[in-house]
Amino acid sequence: MNEVYLSIGTNIGEREKNLQRAIQALMEQSAVQVTHVSSIYETAAVGYTEQADFLNIAVAVETTLIAQEILEVCQSIENELGRVREMRWGPRIIDLDILLYNQENIETENLIIPHPRMFERAFVLVPLQEIAPSNGKVHEKATHILQAFDIEQEGVTLWKKVDSIEEFMRN
Ligand code: GSY
């Protein structure tokens, strides 16, 4: 079984609903098991900053799929939820990024793992640190990098504390 971490973000429409729909769509994939979902963080936009704040979460899944197939699942969920690709760093109804696939380094035409910008982004690392096992390498690295960040200055605040997948999907 492969262990995969995803980062999900949204800054258009009913942001919490968008996250729930994305998790629901992942759970409906027979080859994917959602094992952990982080709390929801509200985060100031990075990249193109003249846009609304995002809600961001991290998700852990177990899967038999290879990385390329997970990418296809993520893209199909983005399309299903109505993502329109207008502007590279612009507003989006949903964005699913693969952060890590086991401990593998993967580089193909359309996929780089670990995600090339994940270690520069507090909006990725804060939720990731929350769900990664506290005795593991992912948690250790996220914690180490986050020590150099001023989380508040990075514009990352806890929006809703979530303790289980069931709680995340409620309402
Ligand atoms: O890379 C994912 C999309 N995205 C985000 C995001 O999810 N959160 C924040 N805070 N800023 C972002 N800029 C982009 S692009």
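The values are calculated or read from the model by the stated rules, or taken from the named source; none is laboratory data. Given the structure is predicted, the values throughout are model-derived calculations rather than measurements. Cβ coordinates were reconstructed from backbone atoms using ideal geometry, including for glycine residues, and neighbour counts include every protein chain displayed. For accessibility, only protein heavy atoms count, side chains too; no ligands or nucleic acids. Shrake-Rupley method; radii C 1.70, N 1.55, O 1.52, S 1.80 Å.
Tabulated results
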{"item": "Qualifying residues in segment 49-75 (those that are small (Gly, Ala, Ser) and under 12 Å from residue 5 (Cα atoms)) - the one surrounded by the fewest Cβ atoms within 10 Å (Cβ to Cβ)", "result": "67"}
{"item": "Unmet criterion (only one of (1) surrounded by 16 or more Cβ atoms within 10 Å (Cβ to Cβ); (2) touching a Phe, Trp or Tyr at 6+ places or on another chain (Cβ under 7 Å)) for residue 8", "result": "(2)"}
{"item": "Residues (of a type in the set (Ser, Thr, Tyr) and more than 17 Å from residue 92 (Cβ to Cβ)) located in segment 7-41", "result": "30, 35, 38, 39"}
{"item": "Where a residue in segment 113-133 is open to solvent by less than 40 Å² (accessible area, probe 1.4 Å) and at pLDDT 95 or above and its partner, wherever it lies, is more than 14 Å from the ligand (Cβ to nearest atom) and assigned to a loop (DSSP other than H, G, I, E, B), with Cβ under 7 Å and at least six apart", "result": "113/104; 113/105; 127/39"}
{"item": "Hits in segment 144-167 (condition: assigned to a loop (DSSP other than H, G, I, E, B), open to solvent by less than 100 Å² (accessible area, probe 1.4 Å), away from the ligand (no atom under 16 Å from the Cβ) and not hydrophobic (A, V, I, L, M, F, W, C))", "result": "164"}
{"item": "Residue match in segment 101-109 (condition: under 15 Å from the mean Cα position of the chain (by Cα), surrounded by 16 or more Cβ atoms within 10 Å (Cβ to Cβ) and closer than 28 Å to residue 136 by Cα)", "result": "yes"}
{"item": "Subset of segment 61-92 that is touching a residue at least 60 places away in the same chain (Cβ under 8 Å) and among the hydroxyl-bearing types (Ser, Thr, Tyr) - its residue that is farthest from the ligand (Cβ to nearest atom)", "result": "64"}
{"item": "Residue check, residue 43 open to solvent by less than 60 Å² (accessible area, probe 1.4 Å), in contact with a helix residue (DSSP H, G or I) (Cβ under 8 Å, 6 or more places away or on another chain) and of a type outside the set (A, V, I, L, M)", "result": "yes"}
{"item": "Enumeration of residues in segment 1-60 that are of a type outside the set (A, V, I, L, M), assigned to a helix (DSSP H, G or I) and touching a residue at least 40 places away in the same chain (Cβ under 8 Å)", "result": "15, 16, 18, 20, 21, 24"}
